[in-house]
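Each reported figure results from applying straightforward, stated rules to the coordinates on display, with no laboratory input. On a predicted model such as this, the values are computed, not experimentally measured, just so you know. Using ideal geometry, Cβ is built from the backbone for each residue, glycine included, and neighbour counts are taken over all protein chains shown.
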Amino acid sequence: MGLALAPPNAPAPGRVESRGVVALAAIALALGCGVSATPPPAVFEMAEVVAPGTPGALRLPSFDLAAPATFVVAPKQFTIAWAKPLEGVVRQPALSFEIVPGEQADFSAWTRARIGRSVTVLIDRRVTTVATIMSPLPSGGIIEFRGARLRAEEVEEIARRLAP
């Protein structure tokens, strides 16, 4: 049988002392270690869409919660130079974007290699839209969030996170 030693004012075993947690949080905030209200930058990727069961395929959710999962292979990350909200063709929120100059040749080559294939733009590993590449994209494009029912404010927040 073991013996547990604790200071006289210690909480009972298994009980959390909330004053200590609050005090630690206050100290962390004072030292600048608190949780930031600013969300982290968004991750922008493009990936080729494949059939379920394709070896190495990832099953990813969509911004459109009613849409089925999309299966993709080899997501490729690109850095966004700027992004701005706009109204899409179907009067849904959309986002115009451009890749940073140092990655534009790679972006164009990636899209050129997938002409005629279905691809998706991923933001934080969520499918925004699925489209067929008809010609190489030189430096950017437009993302339409069809069916996602996003408010304009949500698209503005995505734009801010893509190009902080």
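Ordering 135, 62 by the number of other Cβ atoms within 10 Å of each residue's own Cβ, fewest first, gives 135, 62. Label positions at residue 54 and residue 106, each projected 7 Å from the Cα along the C-beta direction, are separated by 2.1 nm. The order of 121, 73, going from fewest to most other C-beta atoms within 10 Å of their C-beta, is 73, 121.
The order of 58, 137, 95, going from fewest to most other C-beta atoms within 10 Å of their C-beta, is 58, 137, 95.
Comparing Cα centroids, region 130-164 and region 84-122 end up 7 angstrom apart.
Once the chain from residue 65 to residue 134 is taken as fully extended at 0.36 nm per residue, the excess over their C-alpha distance is 22.1 nm.
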